Amino acid sequence: MRNKNLVEESIQKIGKSTGIVLSGTVFTLFLGLISRIFIVRFITPNQYGIYSLGLAITTLLVSLSILGLNHGIPRQISYHRGENKSKVKNLIGSSIGFSILMSILSFLFLFLSSNVLATKIFGDPALTTALRVFSFAIPFSILINIFVSIFRGFGKDKPKIYFQNIMRGSIFLLLIGLVIGLGLSFIGVIYAYVLSFVVSALVFAVYAIKTQIPINFKVNFINSTSKELILFSIPLLGTSILFQVMDWTDTILLGVFKSSEIVGLYQGAYPLAKTIPLALGGAGFLFLPILTGLYSDGKRDNSRRIYQISTKWIFYLSLSLFFLLFLFPEMILNFLFGPEYTEASMVLRILSLGFLGRAFFGPNGLSLIAIGESNSVFYGDVGGTITNISLNIALIPYLGIIGAAIASTVSLIARNGYFTKILLQKFRIHPFSEKYLKQIAISFSILLFFFILQLLVNVQLWMLPIFLIAYLLVTLIVNLIFRTFDKEETELLLKIGKKLGIKTGLIKKIIKKLQKT
């Protein structure tokens with residue numbers, strides 16, 4: 001009974017956090033989408049390609065500078081906070097010190113080497129100024145990431161939403177509006193990006209200092225705590241770098257083999273496809289510290305059950321965006337970015353399959369980190385990155401953006417398949433329960449029906465919400481009829497609904513009637 005209560009309690013925490021993080025992320029994506037639309041319509045596809053390349057390089061350097069601490073910190077804090085508070089304080093001080101040191105080095109590297117990168121590697125001198133301006137965002141982006149990771153270790157999800165998502169996204173949108181309103185140059189867009197990080201990081205730092213979280217700015221690089229943190233995080237550093245390499249390789253190699261304009265087209269589709277596993281990111285924020293705590297207490301059966309339930313709902317929640325992007329890519333690209341971006345319709349469809357595949361496997365990488373298998377995560381990312389780079393080099397010269405999309409999709413599925421294989425072999429943890437496989441079969445059967453339907457019907461833009469709601473409702477009802485959701489899952493959903501202020505009485509009656517048919 002205690003184990004059941006523990007699973008319910010953990011799932012409720014993850015569910016509540018998923019709702020909070022997902023809401024904040026969706027709001028942030030909305031802000032980001034509006035900003036992106038303004039940018040795309042304000043600058044040329046060539047300038048957008050330069051912006052995308054600069055963003056890719058900056059993101060890679062931020063990942064390098066964080067040293068894998070974005071996952072190492074929450075794991076180590078949640079593992080030790082119940083028994084050794086002084087060690088937790090030292091962990092925080094060490095993480096801040098390491099990140100500040102690396103952020104300065106990365107800033108100097110990008111600022112000083114911008115001309116060489118622009119002219120010698122990408123063959124575009126116009127990229128030089130963009131990279132120099134982007135370099136100033138690095139220290140502030142890292143500071144935000146480190147503070148988010150510290151609060152995550154204590155099970156706090158709201159600071160991420162307030163500062164990393166809402167504040168930064170809102171400031172960026174306001175500044176983009178100012179740049180366009182004043183008729184400033186293309187570089188003004190990059191200044192807006194940098195300033196959004198500067199302001200958000202400074203406000204976040206003040207907030208962190210004033211909270212009861214033991215923020216420690218005293219740094220000791222040679223104590224045992226620092227060594228333990230770095231030894232655990234080094235594979236995660238490799239993982240972070242490799243994941244960013246895998247995330248941006250197609251964009252960078254398109255810039256090498258093709259033109260900035262082609263990069264701009266690809267970047268119209270790629271960020272949209274990346275939104276499909278939003279629920280995975282939302283659930284994963286507290287999934288890591290919760291699973292770490294259970295594992296440290298020896299509760300492996302509970303860990304397995306929580307993983308299976310989380311994966312099932314992550315997949316279901318990911319279907320809505322997949323439905324829209326896979327069935328109506330041309331319509332969505334035309335609406336958001338204009339007719340010139342509809343060339344990337346097939347790219348969006350291919351990438352959507354890859355990112356749904358990521359949601360299909362669930363939080364497998366986070367599960368490996370929680371149980372201390374950071375090396376396995378690193379090996380999986382090495383394999384995924386090699387696959388991605390090899391396929392991009394082989395396919396881009398012949399297939400262009402289609403080749404880049406195929407490379408990303410194959411490498412994403414291969415990487416996550418490897419993680420799931422390790423979880424199964426070493427810990428007997430996997431998401432593929434009979435009910436989950438039944439849910440997948442039902443979801444894709446209904447998707448096939450709607451795919452055929454949209455070929456027969458002249459679908460207009462205003463009809464998309466109707467199609468989406470119909471698909472989700474039919475999928476949910478059929479899943480309830482075939483009992484793919486366990487009793488404890490429906491009970492937990494109703495409890496979460498009550499806490500959110502939703503009247504669940506009628507819903508409960510409908511569920512009971514459907515499951516009796």
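A few comments on the model shown:
- Some residue of the range 386-401 being touching a Leu at 6+ places or on another chain (Cβ under 9 Å), of a type in the set (Val, Ile, Thr), modelled with pLDDT under 90 and under 22 Å from Gly68 (Cβ atoms): no
- Helices (runs of 4 or more DSSP H) enclosed by the range 323-387 - at least 1 residues per element that are of a type in the set (D, E, K, R) and either buried (at least 22 other Cβ atoms within 10 Å of the Cβ) or more than 17 Å from the chain's Cα centre (by Cα) (or both): 329-337, 345-361
- Residue in the range 445-464 that is modelled with pLDDT of 90 or more, of a type in the set (Gly, Ala, Ser) and more than 18 Å from Met246 (Cα to Cα) present: yes
- Of the numbered criteria (1) assigned to a helix (DSSP H, G or I); (2) touching a Ser or Thr at 6+ places or on another chain (Cβ under 9 Å); (3) within 23 Å of Ile161 (Cα to Cα), the one Trp248 fails is (3).
- One residue stands out among those in the range 431-454 that are touching a residue at least 60 places away in the same chain (Cβ under 8 Å) and assigned to a loop (DSSP other than H, G, I, E, B): the one that is farthest from the chain's Cα centre (by Cα), which is Ser433.
- Filter pass, Gln164 being buried (at least 21 other Cβ atoms within 10 Å of the Cβ), closer than 30 Å to Lys89 by Cα and modelled with pLDDT under 90: yes
- Residue within the range 311-320 that is at pLDDT below 85, of a type in the set (Val, Ile, Thr) and farther than 20 Å from Gly153 by Cβ present: no
- Filter result for the condition that a residue is crowded, with 24+ Cβ neighbours inside 10 Å, closer than 22 Å to Gln439 by Cα, in contact (Cβ under 8 Å) with a residue 12 or more places away in the chain and not acidic (Asp, Glu), over Leu291, Leu317, Leu272, Leu280: Leu280
- Qualifying residue in the range 375-396 (condition: more than 30 Å from Leu448 (Cβ to Cβ), touching a residue at least 24 places away in the same chain (Cβ under 8 Å) and in contact with an Asp or Glu (Cβ under 7 Å, 6 or more places away or on another chain)): yes
- The criterion of at least 1 residues that are modelled with pLDDT under 80, farther than 30 Å from Glu340 by Cα and not β-branched (Val, Ile, Thr) is met, among helices (runs of 4 or more DSSP H) falling completely within the range 46-153, by 69-80, 85-116.
- Sole exception among (1) without any contact (Cβ under 8 Å) to a residue 40 or more places away in the chain; (2) surrounded by 17 or more Cβ atoms within 10 Å (Cβ to Cβ) for Val194, by number: (1)
The values are calculated or read from the model by the stated rules, or taken from the named source; none is laboratory data. No experiment lies behind these values; they were computed from the predicted model shown. Please note: Cβ atoms are built from the backbone with ideal geometry, for glycine as well, and neighbour counts cover all protein chains shown.
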